Amino acid sequence: MIEPDEHLKAIFDEAVKVARANDHEYITLEHIALVLLTQPDVAELLKSTKQVKYPNLVKDLTEHVEQKLNEIKTKQVELPKRTQAIDRMVNRAFTQAIFSGHDIVTGVHLLNSMFNEKESHAVFYLSKNGVDKNCIQFVDKKNRKIVDYLLSKMSNYIELLLICVGVGSE
């Protein structure tokens, strides 16, 4: 069964904090993108890709969230609501993870799924700063191959270790 990784709830909780701090009625893709940039797996992926202008991306998204979302400002924010785009992004991330053989949905899956929301400012800023779906999918597939390889090697060593200590098939 597929599950969210332990960081996904924290990502959404942090996006709520960012929205509340800016008196926003809604949590948008831009809030999620900004928080995703602080996540170690996403930050490492983006910083390791030569074409990505990571500092500019953080600056652009921060400015957008803090200065350009005036139409969703409200003084009565108790708990910001998710937009339909957020719901679609999450549903797609889970679907993509399932069909790509993953057991866990990560921030990288959310980022990848975000690119289907072509009319969003988040995707505009990601693209403007060198992030595209291909670089995310390439790194994800590369990491998946490395993990699979390491797991196959580890299982061989574990099996050998169990045989050596007298536990195993007889």
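A few notes on this one:
- Candidates LYS142, LYS153 - the one that is farther than 30 Å from GLU63 by Cα, modelled with pLDDT under 95, under 18 Å from the mean Cα position of the chain (by Cα) and loosely packed, with under 13 Cβ neighbours inside 10 Å: LYS142
- Residue check, ASN91 among the polar types (S, T, N, Q) and under 21 Å from ALA43 (Cα atoms): no
- Residue within region 5-24 that is under 23 Å from THR95 (Cβ atoms), in a loop (DSSP other than H, G, I, E, B), open to solvent by less than 30 Å² (accessible area, probe 1.4 Å) and in contact with a strand residue (DSSP E or B) (Cβ under 7 Å, 6 or more places away or on another chain) present: yes
- Taking region 25-44 as the range and being outside any helix (DSSP H, G or I), of a type outside the set (A, V, I, L, M, F, W, C) and closer than 18 Å to TYR125 by Cα as the test, the residues that pass are THR28, THR38, GLN39.
- Odd one out for GLU78 among (1) more than 16 Å from SER120 (Cα to Cα); (2) modelled with pLDDT of 90 or more; (3) of a type in the set (Asp, Glu): (2)
- The single condition among (1) of a type in the set (A, V, I, L, M, F, W, C); (2) within 16 Å of GLU30 (Cα to Cα); (3) part of a loop (DSSP other than H, G, I, E, B) that LEU79 does not satisfy is (2).
- Which listed residue, of PHE94, PHE124, is farther than 18 Å from LYS53 by Cβ and at pLDDT 90 or above: PHE94
The values are calculated or read from the model by the stated rules, or taken from the named source; none is laboratory data. Nothing here was measured: the structure is a model prediction, and the numbers come from that model. We place every Cβ from the backbone using ideal geometry, glycine too, and count neighbours over all the protein chains shown. Just the protein is used for accessible areas: all its heavy atoms, side chains included, with ligands, DNA and RNA removed. Shrake-Rupley method; radii C 1.70, N 1.55, O 1.52, S 1.80 Å.
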